[in-house]
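Here the structure comes first, spelled out in structure tokens, and everything after it is commentary.
The values are calculated or read from the model by the stated rules, or taken from the named source; none is laboratory data. A quick note: this is a predicted structure, and the numbers were derived from the prediction, not measured. Cβ coordinates were reconstructed from backbone atoms using ideal geometry, including for glycine residues, and neighbour counts include every protein chain displayed.
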Amino acid sequence: MAVFNQAEFDNHEQVVFCSDEASGLKAIIAVHNTNLGPAVGGCRMWDYAKDEDAVYDVLRLSKGMTYKNAVARLPFGGGKSVIIGDAKKIKSEQLFRAFGRQLERLNGSYYSAEDVNITCDDVALMNKETNYVLGLEGKSGNPSPFTAYGTFLGIKAALQHQRGHQDFSGIKVAVQGLGAVAYGLCKHLAEAGAQLFVTDINQDSVERVVNDFGATSVGIDEIYDLDVDVYAPCALGATVNDETIPRLKATIIAGCANNQLAQSRHGEVLREKGILYAPDYVINAGGIINVYYETAPQGYSEAASNKHVEGIYDTLTEIFARSEKEQKSTHLIADELAQEIIKNGL
């Protein structure tokens, strides 16, 4: 299995493969860069088809966290972890405590938190073995509402840049994936007057959003072909690719999923087609911003966290303007901004 020669490896400082026979734990922890501080990024549990898929995922996500934390102006480096397996079958206190012991061995170079299929309760079990976790109940808590709020603000910024207004009346939004963050995003959008078209592999999640917000349910594959204004990818990554881009009628792509572009070149394809892309690690930074305030010397403040999250609007406005001025895709502008901060500091 190739690691060092993968493009996604990108000079990671450390990649750790973890196992625990008693609990069945199989996990990978990736620390990409600690220039700005200890690596921070959530833990994802997923039933990967093969180990290579898990390696590819954790490396991409880890690098993304380096850039996300930098652009959000947080004193964190970037890292990520994945636990391999079906969350509906393998979750146990023994497993999460075993993972916590693996975190402890890294001695603070990496802090974990919630991500796909990992809850605050799961992190609390890790916390029985290590203090190198964030996003705990009673402290910053569930980051999902903050990620949803930041994503909503990012869509507002995209509307303002492209259309000169932030009025959601009559705006059609296709939301792909309806997890906790996407549900919160749908709530913000519905309250602002947007018309929602939604899909998810979990029909219960679809019905909840349909019932709560008057959304229209569409098929898993149908989501790409809708005549909408905004496509909001909120499931797993790489849904913006050679197959889907020609089908999209939306002129804005802005959602909370990580790694939305299958390949970097797709960002330029979107620009050439006149589709405004809100770089994923910029628009979805609300959760990690909220987690940061758990570490603040003066203690956690929801008001301070929300104020920082609101800066996502300004950051995206800057990226959109630079993209237009320099005739470069928005994701390259975001990367350049991140690299400037990583090199020069906050």
On the basis of being in contact (Cβ under 8 Å) with a residue 24 or more places away in the chain and not assigned by TED's automatic domain parsing to the domain that holds ILE90, does VAL3 make the cut?
yes
Notebook entry, point to check: Is it true that some residue in region 263-282 is modelled with pLDDT of 95 or more, polar (S, T, N, Q) and in the same structural domain as ILE333 (by TED's automatic domain parsing)?
Noted result: no
By residue number, the members of region 225-241 that are touching a His at 6+ places or on another chain (Cβ under 8 Å) and either assigned to a strand (DSSP E or B) or buried (at least 23 other Cβ atoms within 10 Å of the Cβ) (or both) are VAL240
Residue hits (region 246-294; polar (S, T, N, Q) and outside any helix (DSSP H, G or I)) are THR251, ASN258, ASN259, GLN260, GLN263, SER264, ASN284
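Matching residues to (1) among the basic types (Lys, Arg); (2) modelled with pLDDT of 95 or more; (3) not in a strand (DSSP E or B):
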position: GLU8; (1), (2), (3): no, no, yes
position: HIS12; (1), (2), (3): no, yes, yes
position: VAL15; (1), (2), (3): no, yes, no
position: SER19; (1), (2), (3): no, yes, no
position: ALA27; (1), (2), (3): no, yes, no
position: ASN35; (1), (2), (3): no, yes, yes
position: ALA49; (1), (2), (3): no, yes, yes
Filtering region 249-298 down to residues that are of a type in the set (A, V, I, L, M, F, W, C), farther than 25 Å from CYS43 by Cα and over 18 Å from the mean Cα position of the chain (by Cα) yields ALA250, VAL269, LEU270, ILE275, LEU276
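Of a type in the set (Lys, Arg) and at pLDDT below 95: does that describe LYS343?
Numbers: of a type in the set (Lys, Arg): yes; at pLDDT below 95: yes.
Yes, satisfied.
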Residue hits (region 97-112; within 17 Å of LEU25 (Cα to Cα), within 22 Å of the chain's Cα centre (by Cα) and either part of a loop (DSSP other than H, G, I, E, B) or not aliphatic (A, V, I, L, M) (or both)) are PHE99, SER112
Given (1) more than 16 Å from the chain's Cα centre (by Cα); (2) at negative phi, GLY37 misses just (2)
